[in-house]
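What follows is a set of notes on a single structure, which appears directly below.
The values are calculated or read from the model by the stated rules, or taken from the named source; none is laboratory data. Being a predicted model, the structure only gives us computed values, none of them experimental. Cβ placement follows ideal geometry from the backbone for every residue including glycine, while neighbour counts extend to all protein chains displayed.
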Amino acid sequence: GAPAPGHAPLDVGLTPKSFAILTSGGDCSGMNPAVRAAVRYGIAKGCNVYGIYEGYQGLVDGGKYIRKMDWKSVRGWLSVGGTSIGTARCMAFKTREGRLSAAENLVKHGIDSLIVCGGDGSLTGADVFRSEWGSLIAELLSTDRITDQQAKTFSHLTIVGMVGSIDNDMASTDITIGAASCLHRVCEMVDSIGTTASSHSRAFVIEVMGRDCGWVAMMAAIATGADFVFIPEQPLAAGEWQEAICDVAHRHREMGKRKTVIIVAEGALDSSLNPVKSEDIKNILTERLGLDTRVTILGHIQRGGTPCAFDRILATTQSVAAVEAVLQSTPDMPSPFIGYVNNKVTSGPLMDAVALTHQVADAIHKKEFDRAMQLRDPQFRQDFTIYNATSVKGNDSLLLPSHRRLRFGIVHVGAPAAGMNAATRTVVRYALNRGHVPVAISNGFDGLLKGALEEMTWIDVDGWSNLGGSHLGTNRHVPGKHIDMGMLAYQMQRYELQGLVIVGGFEAYSSLLALSQARDKYPSLRVPLCVIPATISNNVPGTDYSLGCDTSLNMIVNACDAITQSARSSRRRVFVVEVQGGRSGFLAVQAGLASGANTVYIPEEGVTLDRIQSDVHHLMALYLDDDADRSEGRIVLRNETASDTYTTDVISNIFKEEGHALFDSRTAVLGHVQQGGAPSPLDRIRANTLGFRAVQFLEKQSKDALNQFAAKHNNATDDDPVLHTSSIPVPNRPIELCTAPSSAAIVGFSGSGVRCISVDELIRITDVKNRKPKSAWWYVQRPFVDLLAGRGLFTPEA
Ligand code: ATP
């Protein structure tokens, strides 16, 4: 295909194609960013890109439903929910006659590749279409609907599938486009219901979407700290669930909770596959516990609204991969499916993903529930276990034997970040379920010196999952630097702390290192020490994500949406938006992708005059290309430490000066707004996972140390030798045995899993001077910001 008029294609290593994109099935937030990125990346690669309106119906009907897209046709689509090219459920496409006319329409438009963004139904349809393609072309030729030449040229159809679905019900991908935005809506609603439930001391049964898949329900339950959740994959026995909810609700009320929140997936079942209905749950709670209970069915609210930052980035990076797959496809390759596994965009056979997804539904219908969980995503089952262990007050089944129980501290260090409270809540609740004594330390390590410690109870942390900032109080004081290490060690001993969970950013990391190094001198520090990374900058080594960075990203993206709107209204205005992030460009790059920034200035690259000049040229080219009356506002993002010389004001002034009559410039410094607000659902869920793992880390490290000690004294090989060592002198504070580097670690995310990275390894992967890890996974996404802003495509001459 010829490059789009007026635009110079970027690098065309592969033959450009003519491809189309359509959205199908139920709409979701993120479909528009997906279409935008496919259109722009396709044009940048020299392709002709078509939008097919109204899903498969538009493909079957052809004509005005198949439209050539240009750079500007998708302007502003990042922030728009739903799908602007429309979607439909199309019966005709399920018939061969319908697919025949779909094939004819593609051929007549010269389109040889199709990207489909939809649910499993849509992708099943796509798969059927491709497998039939040869026979469809033969039939079109034999009935003279296409020419010989057309039949030859279009003998092969490339189909690429990507999943847009709020349900997150597709196997072979960790998360689908739209699922995270749906969770945002659900959590907002459940939080709101929570305040009225508390005020009136009511119970609420909240029904969320999910026919065969309980992902939304379960994640919402984790994120909002609901008392109970019903999902189709883990049904309770018929006739027994009634007892189970009453038991939990009663237990939580006894501890002082003023509200009861039960989340139900619309497809919830009991183990005999009878539906569990919201009304039934309500009646049970009313009749058996006398609770004033209401039912709220969230319905279509869950689909709507602007896409969250995560979905915008997911959709954008997946669409880029989808276009790459179109360019690379050959007739003998199976149709690719673009997924997202372990924090990376992946490509695998579409047919396998579809087949695997159907197996999940099949497993549920055959009552093979464990298999259903496993097939869907192994993480899902773990999350369910963690939910039960952290949100439901146990019936003693989780309790450890008394010699395994710990008394340990929790402290917040560094700048506040959303999710600190949620993580603390999980640590406290899981600890209590295990029989530990969690002790909260107020105001960072200063609080430890002052003795500001408090043993926490279940109800103390009630409602903390959606509380922003740091409820315990936090500051930047690091042991050994601002805090006297000897005094700190003394206080650890005095308060008999047998472990420490430090929640925070780079200061927490520095504290961990300092404490572990001081173990030589102070025995009371020979206890398990761990960090739960929490900072908006996401610059803690040893984790892909720290708590708070997703919330901050959403704050920035929402602010950028508002600023872009202002810039658009005043037409020719470029905003230089300053964001935080320390010496890491994470926030700037991710927010740049999610808000459609024109470019980003980050510390990893620095800023030069040449660079600013070339940015001015690019902006001029864009404004020259704009229709004079409908000119656009634009934003660029600058990290606060990108350059000492080229400050936000300086860059904006240069833009103003050099933009001449073409454009004007303003600044917006977002400041501490970026640290505030209720944690996003992803941050809450991440907090829950890390809180759980942190307690497990303390348990394992103290157990290992104790067992080694006992084994040395009586050669026991028993898994639990301490039980049999009454004759040997177990130290009074047995955990003073933790001296190995592995007993001081960061509990962080590695892909979709959790890894504990010990201090010795941490030192190797840290760029100490710049307070961040030596490498960053997100950096590969940096070029997409400029590429999707038309860098290199528009020249002042064009
Ligand atoms: P959601 O997850 O929101 O339900 P979905 O893509 O699964 O989305 P469906 O209604 O199942 O939604 O499918 C959307 C469209 O895909 C259907 O209306 C139909 O046009 C097409 N489609 C689904 N299954 C097939 C099939 N087996 N053969 C051909 N086309 C199909």
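Scan the range 573-588 and report the pairs whose first residue is assigned to a loop (DSSP other than H, G, I, E, B) and surrounded by fewer than 24 Cβ atoms within 10 Å (Cβ to Cβ) and whose second residue is at pLDDT 95 or above and not polar (S, T, N, Q), with Cβ atoms within less than 7 Å and a gap of 6+ or a chain change.
Gln580/Ile536; Gln580/Leu587; Gln580/Glu640; Arg583/Pro603
For residues that are touching a helix residue (DSSP H, G or I) at 6+ places or on another chain (Cβ under 6 Å) and not β-branched (Val, Ile, Thr), scanning just the range 140-149, find the one that is surrounded by the most Cβ atoms within 10 Å (Cβ to Cβ).
Leu140
For Phe154, only one of the following conditions fails: (1) aromatic (Phe, Trp, Tyr); (2) away from the ligand (no atom under 16 Å from the Cβ); (3) under 26 Å from Gly26 (Cα atoms). What is its number?
The single condition Phe154 does not satisfy is (3).
Among residues belonging to the range 229-244 that are surrounded by 24 or more Cβ atoms within 10 Å (Cβ to Cβ) and among the hydrophobic types (A, V, I, L, M, F, W, C), point out the one that is farthest from the chain's Cα centre (by Cα).
Phe230
State which residue is farthest from the ligand (Cβ to nearest atom) when the search covers only the range 114-124 and only residues that are part of a helix (DSSP H, G or I) and surrounded by 19 or more Cβ atoms within 10 Å (Cβ to Cβ).
So, considering only residues that are part of a helix (DSSP H, G or I) and surrounded by 19 or more Cβ atoms within 10 Å (Cβ to Cβ), the one farthest from the ligand (Cβ to nearest atom) is Leu123.
Taking the conditions exactly as written (within 22 Å of Ala591 (Cβ to Cβ) and at pLDDT 95 or above), does Ile563 satisfy them or not?
Judged against the criteria, Ile563 is not a match.
Considering each residue of the range 622-655, count those that are surrounded by 15 or more Cβ atoms within 10 Å (Cβ to Cβ), at pLDDT 95 or above and not hydrophobic (A, V, I, L, M, F, W, C), and give that number.
Going through the range 622-655 one residue at a time, the tally reaches 9.
Being closer than 30 Å to Gly164 by Cα, surrounded by 23 or more Cβ atoms within 10 Å (Cβ to Cβ) and not aromatic (Phe, Trp, Tyr), is that true of even one residue in the range 252-262?
yes
Would you be able to say whether some residue in the range 72-83 is in a helix (DSSP H, G or I), modelled with pLDDT of 95 or more and farther than 30 Å from Gly299 by Cα?
Within the range 72-83 (the criterion being in a helix (DSSP H, G or I), modelled with pLDDT of 95 or more and farther than 30 Å from Gly299 by Cα), the answer is no, since none of the residues qualifies.
What about Ile111, is it more than 9 Å from the ligand (Cβ to nearest atom), under 28 Å from Cys213 (Cα atoms), modelled with pLDDT of 95 or more and crowded, with 16+ Cβ neighbours inside 10 Å?
For Ile111, the condition - more than 9 Å from the ligand (Cβ to nearest atom), under 28 Å from Cys213 (Cα atoms), modelled with pLDDT of 95 or more and crowded, with 16+ Cβ neighbours inside 10 Å - is not met.
Checking the structure you have, find out if any residue of the range 439-447 is free of Cβ contacts under 8 Å to residues at least 12 places away in the same chain, assigned to a loop (DSSP other than H, G, I, E, B) and under 33 Å from the mean Cα position of the chain (by Cα).
no
Just to be sure I understand, how many residues within the range 127-148 are within 8 Å of the ligand (Cβ to nearest atom) and modelled with pLDDT of 95 or more?
Residues meeting the conditions: 1.
Got a sec? Which of Asp191, Asp247, Asp227 is within 13 Å of Tyr387 (Cα to Cα) and either of a type in the set (Lys, Arg) or in contact (Cβ under 8 Å) with a residue 40 or more places away in the chain (or both)?
Exactly one of Asp191, Asp247, Asp227 is within 13 Å of Tyr387 (Cα to Cα) and either of a type in the set (Lys, Arg) or in contact (Cβ under 8 Å) with a residue 40 or more places away in the chain (or both), namely Asp227.
Does Asp212 satisfy the condition of being buried (at least 24 other Cβ atoms within 10 Å of the Cβ), within 13 Å of the ligand (Cβ to nearest atom), acidic (Asp, Glu) and not in a strand (DSSP E or B)?
no
Restricting to the range 277-303, what's the tally of residues that are part of a loop (DSSP other than H, G, I, E, B) and exposed (fewer than 15 other Cβ atoms within 10 Å of the Cβ)?
Qualifying residue count for the region: 2.
Suppose we filter His471, His477, His412 for residues that are in a strand (DSSP E or B), at negative phi and surrounded by 17 or more Cβ atoms within 10 Å (Cβ to Cβ); which single one remains?
Being in a strand (DSSP E or B), at negative phi and surrounded by 17 or more Cβ atoms within 10 Å (Cβ to Cβ) holds for just one of His471, His477, His412, which is His412.
Please list, ordered by first then second residue, the pairs with beta carbon atoms under 6 Å, 6 or more apart or interchain, first in the range 551-570 and more than 17 Å from Val785 (Cβ to Cβ) and part of a helix (DSSP H, G or I), second of a type in the set (Gly, Ala, Ser) and modelled with pLDDT of 90 or more.
Partner pairs satisfying both residue conditions: Thr551/Ala418; Thr551/Ser680; Asn554/Ala309; Asn554/Ser680.
Does the range 495-518 contain any residue that is among the acidic types (Asp, Glu) and assigned to a helix (DSSP H, G or I)?
Checking the range 495-518: at least one residue is among the acidic types (Asp, Glu) and assigned to a helix (DSSP H, G or I).
For the range 75-108: of the residues being hydroxyl-bearing (Ser, Thr, Tyr) and surrounded by 22 or more Cβ atoms within 10 Å (Cβ to Cβ), which is nearest to the ligand (Cβ to nearest atom)?
Thr87
Against the conditions (1) in a loop (DSSP other than H, G, I, E, B); (2) touching a residue at least 60 places away in the same chain (Cβ under 8 Å); (3) surrounded by fewer than 24 Cβ atoms within 10 Å (Cβ to Cβ), where does Pro334 fall short? Just the number, please.
It is condition (2) that Pro334 fails.
Give just the number: which of (1) at pLDDT 95 or above; (2) touching a Pro at 6+ places or on another chain (Cβ under 9 Å) does Tyr41 not satisfy?
If we test Tyr41 against (1) at pLDDT 95 or above; (2) touching a Pro at 6+ places or on another chain (Cβ under 9 Å), just (2) comes out false.
Does the range 165-177 contain at least one residue that is surrounded by 24 or more Cβ atoms within 10 Å (Cβ to Cβ), more than 15 Å from the ligand (Cβ to nearest atom) and among the aliphatic types (A, V, I, L, M)?
Checked against the condition, which is being surrounded by 24 or more Cβ atoms within 10 Å (Cβ to Cβ), more than 15 Å from the ligand (Cβ to nearest atom) and among the aliphatic types (A, V, I, L, M), the range 165-177 yields no hits at all.
Those residues that are of a type in the set (Val, Ile, Thr) and within 16 Å of the ligand (Cβ to nearest atom), I need them from the range 36-53; list them, please.
Ile52
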